[in-house]
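Okay, structure first, notes after.
The values are calculated or read from the model by the stated rules, or taken from the named source; none is laboratory data. Because the structure is a prediction, the values reported are computed rather than measured. Positions of Cβ are generated from backbone atoms using ideal geometry, with glycine treated the same way; all protein chains shown enter the neighbour counts. Surface areas here come from the heavy atoms of the whole protein model, side chains and all, with no ligands, DNA or RNA. Shrake-Rupley method; radii C 1.70, N 1.55, O 1.52, S 1.80 Å.
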Amino acid sequence: MTGGHAHGATGLRNRRRLLVALLLGLVVLAAEVVGAWLTGSLALLADAGHVVTDVAGVALALAAVTYAQRPPTPTRTFGTLRAEVLAAAVNGLVLLGVATYVVVEAIRRWNEEDAVDGGLMLVFGVIGLVANALALAVLSRGARESLNVRGAYLEVLGDLLGSIAVIVAAVVIAVTGWDRADVVASLAIAALMVPRTLSLLRDVVHVLLEGTPRGVDLAEVRRHITEVEGVRDVHELHAWTITSGVPVLSAHVVVDDEVFASGGTGPLLDRLTECLGGCFEVDHCTFQLEPAEHARHEDADHA
């Protein structure tokens, strides 16, 4: 299966996963809004606010996966695959904003102890926990294939941890009557969100800055290329990522003069492509074959 076809099939699977997660997220949102209103719980309110952004984020991720399936055009030669990465960036930034809001609101309410119905709060916390666990199971495999789905996965994971915090706070309030447990749970939700969000944004920036794909060692790539029969040297070696699962590589390959004289450039290109695809799972490769005489005219700084 070619890289483009594989990514298309993955995109369709991820679209179904995101749709299920979106529907489950709406269930959690409705439950927590009602629960916050009935119980007066800050933790439920904070988590409901988190879920609002998560539902919007999953909807954005779903739109990005759908949009990314559009074919290439003369003005967008890689199609719209980067839409998935941009959606992941937006999701990460929104999550940071939500975490900040939760912290500010929790601090403001620390001295405003309001009565909280711990028993009812527990019921709505359990509803959120079950729905989020189902959504997390749906997205788990896609999170390993796509940064975009990973962003949605992390959002749902934050919701799941938030539901756990709500449940713990509800139990504490019901048993001890200490209403500030609700505020503590809100701060715990924010603390759990931030590290995962920063990790996502770091990976997004790595892709947008066209860093070398994770797991691709350019020194090893260079060694493999130079070991192909007929190859003398390689320079202008670049590797980057268009979107999750679509690494790209280009290189200038210096070859023996006999390769050009015998018309063996086709078989050599086949060997190079098989080498990169088989050893490093890079299907989008561009090679410029050069005789040794031409290579001497290349800028030495590009070696």
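Details
- Matching option when the condition is open to solvent by 70 Å² or more (accessible area, probe 1.4 Å), under 30 Å from Leu44 (Cα atoms) and touching a residue at least 24 places away in the same chain (Cβ under 8 Å), among Arg196, Arg232: Arg196
- All positions within the range 111-122 that are assigned to a loop (DSSP other than H, G, I, E, B) and surrounded by 14 or more Cβ atoms within 10 Å (Cβ to Cβ): Val116, Asp117
- Hits in the range 199-209 - residues which are open to solvent by 90 Å² or more (accessible area, probe 1.4 Å) and at pLDDT below 90: none
- Evaluation of Val255 against the conditions (1) modelled with pLDDT of 85 or more; (2) surrounded by 16 or more Cβ atoms within 10 Å (Cβ to Cβ); (3) β-branched (Val, Ile, Thr); (4) out of contact with any Gly (no Cβ under 9 Å at 6 or more places or on another chain) shows that the sole unmet condition is (4).
Here is a yes/no grid of residues against (1) surrounded by 17 or more Cβ atoms within 10 Å (Cβ to Cβ); (2) at pLDDT 85 or above:
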{"position": "Val248", "(1), (2)": "yes, yes"}
{"position": "Gly264", "(1), (2)": "no, no"}
{"position": "Leu268", "(1), (2)": "yes, yes"}
{"position": "Cys279", "(1), (2)": "no, no"}
{"position": "Ala295", "(1), (2)": "yes, no"}
{"position": "His302", "(1), (2)": "no, no"}
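- Enumeration of residues in the range 136-165 that are at pLDDT 80 or above, open to solvent by less than 60 Å² (accessible area, probe 1.4 Å) and either of a type in the set (Val, Ile, Thr) or in contact with a Ser or Thr (Cβ under 6 Å, 6 or more places away or on another chain) (or both): Val138, Val156
- Residue, nearest to Ala181 (Cα to Cα), within the range 29-44, restricted to residues that are open to solvent by 30 Å² or more (accessible area, probe 1.4 Å) and in contact (Cβ under 8 Å) with a residue 12 or more places away in the chain: Gly40
- Filter result for Asp54 (at pLDDT 75 or above, part of a helix (DSSP H, G or I), open to solvent by less than 70 Å² (accessible area, probe 1.4 Å) and not hydrophobic (A, V, I, L, M, F, W, C)): no
- Screening Tyr101 on (1) modelled with pLDDT of 85 or more; (2) under 25 Å from the mean Cα position of the chain (by Cα); (3) open to solvent by 70 Å² or more (accessible area, probe 1.4 Å) shows it passes everything except condition (1).
- Looking across the range 166-192, just one residue is closer than 29 Å to Arg16 by Cα and open to solvent by 10 Å² or more (accessible area, probe 1.4 Å), and that is Leu192.
- In the set (1) over 28 Å from Leu86 (Cβ atoms); (2) part of a loop (DSSP other than H, G, I, E, B), Val282 fails one condition alone, (1).
- Selection within the range 99-132 - within 15 Å of Leu42 (Cβ to Cβ) and without any contact (Cβ under 8 Å) to a residue 24 or more places away in the chain: Val104, Ile107, Arg108, Asn111, Glu112
- When Arg180, Arg214, Arg144 are checked against the criterion of being within 27 Å of Leu29 (Cβ to Cβ) and under 14 Å from the mean Cα position of the chain (by Cα), Arg144 stands alone in meeting it.
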